[in-house]
Amino acid sequence: MNFNLQQIPERNTKPRRHGITMVMDKGLSITEVHHFMSVASPHVDVVKLGFGTSFVTPNLREKIEAYKSYNIPVYFGGTLFEAFLIRNQFDDYVAVCKDYGIEYMEVSDGSIDIPHAEKCGYIEKLTKYGTILSEVGSKDAAHIIPPYKWIELMRAELAAGSTYVIAEAREAGNVGIYRGSGEVREGLVQEILTQIPEERIIWEAPQKGQQLYFIELVGANVNLGNIAPNEVIPLETMRLGLRGDTFHLFLDKETIQ
C-alpha cells in the first residue's frame, strides 16, 4: 500500500484462493484492458468475459493475452458454455478453450435445463483441462430454489471437481440469491453457509449494497464476483474499511480516540 495505516484488516495475498475478486468484462477494448489493469491488477484475481461476448469481441486472442500479461486468468461466461452445449458442441467448446489458452471454465445451467447428474459429469470431464467454476441458480426470477436444494447442488458440484461454486445473481444482481429489488435473500445465504465452506463460494455481487452485506457477514476476504471494472478500487477500499460503509467495521473500539 502507499502508506502506513493501522487497524487495516489483513487481505490474503495473490495468488489467493480465498478473498478473490472476479471481474465481469462486458466488452472492454484492449486499450481499456491495459488502462484498467494499470490501476486495478493488484486487486483482480480472475476476469470473466461475460455471457457470450467472447464470440463477437474483436481481437479476442490479443485481449486474452493482454490480461495474461498481468498474470490475470480469463474465462468465458457460463452462458457461452450453455450455447455450445445446447447445440451439441461440447467437444468444440473444449477445443476453443484449448485454442485460446483458457484455463478456467464455467459450467452453468442458468439458461437451459441440464439434469444435475449430467452437469456434474461435465464438471468432472473439464477438470482435466483446467480450474472449474460452476454456477448454481437460475436466471429466471420466477424459478425459486429452496435453500436445501442450493446446498445439495453446491455440495455435489464441489464433489464433482469444481474449485468454486458461484451463487447466481446475473450481471444486474436481481435473481438467484437476491430478490428482484436486489435485496439479499438473507435466510438463504445464511443457511448455505451452515453447510458449504465460505471460501469455496463466489457470491455474485454487482451492487454496492450486496458487496457490503457479504463483507459484513463474512469479512474482508469474502469471494465476490460480477464486479464491474470501475468498481474494483471502490470495492477494495470497502474490504479494508476505507469507505464510509465499512469505516468502523474493522476498528478496535478500545484503542481509537
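Return the residue satisfying two criteria in turn: it lies in region 172-198 and is crowded, with 16+ Cβ neighbours inside 10 Å and within 21 Å of K48 (Cα to Cα), and of such residues it is modelled with the highest pLDDT.
My answer is E198.
For region 202-255, how many residues are touching a His at 6+ places or on another chain (Cβ under 8 Å) and farther than 29 Å from S162 by Cα?
First, the residues of region 202-255 that are touching a His at 6+ places or on another chain (Cβ under 8 Å): 221, 223, 232-233, 235-236, 241.
Cutting the leftovers down to farther than 29 Å from S162 by Cα gives us 241.
Within region 202-255, residues that are touching a His at 6+ places or on another chain (Cβ under 8 Å) and farther than 29 Å from S162 by Cα number 1.
May I ask you to say which residue of S162, S181 is over 18 Å from S111 (Cβ atoms), assigned to a loop (DSSP other than H, G, I, E, B) and within 16 Å of the chain's Cα centre (by Cα)? First the steps, then the outcome.
Numbers: S181 fails: within 16 Å of the chain's Cα centre (by Cα).
After applying the criteria, what remains is S162.
Find the residue count for region 55-79, including only residues that are touching a residue at least 40 places away in the same chain (Cβ under 8 Å), part of a helix (DSSP H, G or I) and either under 18 Å from A228 (Cβ atoms) or under 16 Å from the mean Cα position of the chain (by Cα) (or both).
1
Which members of region 24-58 meet the condition of being among the hydrophobic types (A, V, I, L, M, F, W, C) and under 23 Å from L249 (Cβ atoms)?
First pass over region 24-58, keeping only residues among the hydrophobic types (A, V, I, L, M, F, W, C): 24, 28, 30, 33, 36-37, 39-40, 44, 46-47, 49, 51, 55-56.
Within region 24-58, A40, V44 qualify.
Taking region 6-24 as the region of interest, how many residues are in contact (Cβ under 8 Å) with a residue 60 or more places away in the chain, in a loop (DSSP other than H, G, I, E, B) and not basic (K, R)?
The total comes to 8.
Find the residue count for region 199-234, including only residues that are in contact (Cβ under 8 Å) with a residue 60 or more places away in the chain, within 19 Å of P9 (Cα to Cα) and buried (at least 22 other Cβ atoms within 10 Å of the Cβ).
Number satisfying all stated conditions: 3.
Identify, by number, the condition in (1) within 19 Å of the chain's Cα centre (by Cα); (2) at pLDDT 95 or above; (3) not hydrophobic (A, V, I, L, M, F, W, C) that Y100 doesn't meet.
Every listed condition holds for Y100 apart from (1).
Being out of contact with any helix residue (DSSP H, G or I) (no Cβ under 8 Å at 6 or more places or on another chain), closer than 14 Å to G137 by Cβ and either of a type outside the set (D, E) or in a helix (DSSP H, G or I) (or both) is the filter here, so list the residues in region 111-126 that pass it.
none
Any residue at all in region 59-66 that's buried (at least 19 other Cβ atoms within 10 Å of the Cβ) and touching a helix residue (DSSP H, G or I) at 6+ places or on another chain (Cβ under 6 Å)?
If we filter region 59-66 for residues that are buried (at least 19 other Cβ atoms within 10 Å of the Cβ), which is where we start, we get 63-64, 66.
After this cut, where a residue has to be touching a helix residue (DSSP H, G or I) at 6+ places or on another chain (Cβ under 6 Å) as well, the list is 63, 66.
Yes, because at least one residue in region 59-66 is buried (at least 19 other Cβ atoms within 10 Å of the Cβ) and touching a helix residue (DSSP H, G or I) at 6+ places or on another chain (Cβ under 6 Å).
Scan region 80-110 for residues that are assigned to a loop (DSSP other than H, G, I, E, B) and on the phi < 0 side of the Ramachandran plot and jot them down.
Keep residues of region 80-110 that are assigned to a loop (DSSP other than H, G, I, E, B), which gives 87-89, 100-103, 108-110.
Within region 80-110, R87, Q89, Y100, I102, E103, S108, D109, G110 qualify.
Among the candidates G27, G52, single out the residue that is surrounded by fewer than 14 Cβ atoms within 10 Å (Cβ to Cβ) and in contact with a helix residue (DSSP H, G or I) (Cβ under 6 Å, 6 or more places away or on another chain).
Values: G52 fails: surrounded by fewer than 14 Cβ atoms within 10 Å (Cβ to Cβ).
None of the others qualify; the one that does is G27.
Considering only region 193-218, state which residues are within 18 Å of T237 (Cβ to Cβ) and of a type in the set (D, E).
E216
The values are calculated or read from the model by the stated rules, or taken from the named source; none is laboratory data. Just so it is clear, the model here is predicted, and its values are computed rather than measured. Every residue, glycine as well, gets a Cβ built from its backbone with ideal geometry; the counts of neighbours run over all protein chains shown.
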